[in-house]
1. Computed FRET efficiency, Cβ-Cβ of residue 95 and residue 206, R0 35 Å: what is it to the nearest 0.05?
2. Antiparallel DSSP bridges in region 75-149: what percent, to the nearest 5?
3. In what sequence, highest mean first, do 107-113, 211-217, 172-178 appear when ranked by Cβ atoms within 10 angstrom?
4. Label point 7 Å out from residue 86 along Cα-to-Cβ: which residues of region 101-135 have amide N under 11 Å?
5. Using only the Cα atoms, work out Rg/Rh for region 39-218, with Rh taken as the Kirkwood radius, to two decimals.
6. Once each part is reduced to its C-alpha centroid, what is the distance from region 173-218 to region 61-110 in angstrom?
7. Taking 8 Å as the Cα distance limit and 6 or more residues as the minimum spacing, I'd like the relative contact order of region 39-218 as a percentage.
8. Sorted by mean Cβ packing within 10 Å, highest first, what order do the peptides 51-57, 138-144 take?
């Protein structure tokens with residue numbers, strides 16, 4: 001079983017976090033002095049159009065773009081806009097079966113997936129259901145292969161190790177991880193990392209809202 005968080009002195013390992021994406025990340029990091037206020041990451045220009053559904057629903061993330069980009073996280077955060085839902089259903093398209101169903105617990109249009117990690121290389125879809133049990137919309141996405149994830153893992157671990165060696169704060173590291181995904185065009189993973197950031201960050205909260213509004217505002 002892969003642990004959700006690993007910390008050895010001041011070296012923060014990012015892969016378990018982004019594979020599991022629990023809310024426990026960075027808790028054990030020491031507070032550094034001389035912190036700088038991180039800048040808000042700017043969403044990439046290549047953001048897709050949201051998947052439009054019934055009752056004004058707009059499915060934001062994760063979704064497959066026209067270029068077919070896959071996501072890194074095996075425990076993504078599902079984000080939508082414009083509809084009151086009763087539940088989300090996740091289907092493993094590759095295996096042809098429903099693998100998970102979740103209900104929103106907060107009046108926020110997002111649900112963090114904390115069940116069994118998704119299978120690298122597999123195709124999935126997630127579906128929103130309304131209060132009457134009607135389908136509001138469905139969005140497809142795909143998880144990176146194990147080899148592709150290993151490349152991202154290596155880059156992330158190098159980034160976070162360097163930032164810890166520089167004495168960066170948890171807040172600065174959170175933003176740097178989100179910015180890494182953002183600059184790689186992996187905006188779904190940027191949203192997932194931003195939502196699961198601990199400590200909670202108004203900066204990253206604005207990133208999620210800005211990205212969501214841009215995707216659904218076209």
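Each reported figure results from applying straightforward, stated rules to the coordinates on display, with no laboratory input. Note that the structure is predicted; figures quoted are calculated from it, not measured. No Cβ is skipped: glycine too gets one built from the backbone with ideal geometry, and neighbour counts run over all protein chains shown.
1. 0.40
2. Bridges in region 75-149 are about 100 percent antiparallel.
3. Values: 107-113: 16.3, 211-217: 18.9, 172-178: 23.0.
In decreasing order of mean packing, 107-113, 211-217, 172-178 become 172-178, 211-217, 107-113.
4. Output list for this probe position: 129-135.
5. 0.96
6. After rounding, the separation between the Cα centres reads 16 Å.
7. Relative contact order for region 39-218 comes out at 29 percent.
8. Listed from highest to lowest mean packing, they are 138-144, 51-57.
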